[in-house]
Amino acid sequence: MKITIVGRQMNVYEEMKLLIEKKLAKFDKFFPAEGDATVTLSSKHNERNIEITISAAGTLFRSEVGAESFRDALDDACANIERQIRKNKTKLAKRLREGTFNPYPEEIYDDIAADDEEIIRTKTFPAKPMSPEEAILQMNLLGHQFFVFNDDQSNNTCVVYKRRDGGYGLLIPEKE
């Protein structure tokens, strides 16, 4: 697995890089060689934050954790990702075996100067055809409240979202 380590407004020491690589090495058994991991470290208000994003076979796993030390945050983030993998083990194993999805290219972020009525951030992502069930799985793995996808049946751009009552909703555009 290819690991990219980024420090936000800080330097990441070699000792920490080695620890991160050692902790993420245990995920090699779940993913073939094409897996990519991005680890972002930051520090705000005496809290150490680690964000880990792993992309493999078109599936994203993400965990963002804050703790008193980077070691504690790293342990918690790795545990969260491992829990996500185990929770969805059978569905993910089927995807990885069949190779039905191509890996996502890196997401592109554009930061734009902030104003009250201007767009402050633009995020581009590949919208590939999938079923609503796959979109719900991807949304849950990312920990988001909604997910935009192309429906593989109708080829419409749709949105699945998590409802307050614990269920899921699906937004389908109406053709005029």
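What pairs come out if I take residues in the stretch 18-40 that are within 20 Å of residue 66 (Cα to Cα) and pair them with residues that are exposed (fewer than 14 other Cβ atoms within 10 Å of the Cβ) and aliphatic (A, V, I, L, M) whose C-beta lies under 8 Å away, six or more apart or interchain?
38/6; 39/6; 40/6
Give me a count of the residues in the stretch 134-171 that are over 20 Å from residue 58 (Cβ atoms) and not in a loop (DSSP other than H, G, I, E, B).
6
Since every read-out is calculated from the coordinates, none of them should be taken as a lab result. What you are looking at is a predicted structure, and each value in this text was computed from that prediction instead of being measured. Quick reminder, even Gly has a Cβ in these numbers, built from the backbone with ideal geometry, and neighbours come from all protein chains shown.
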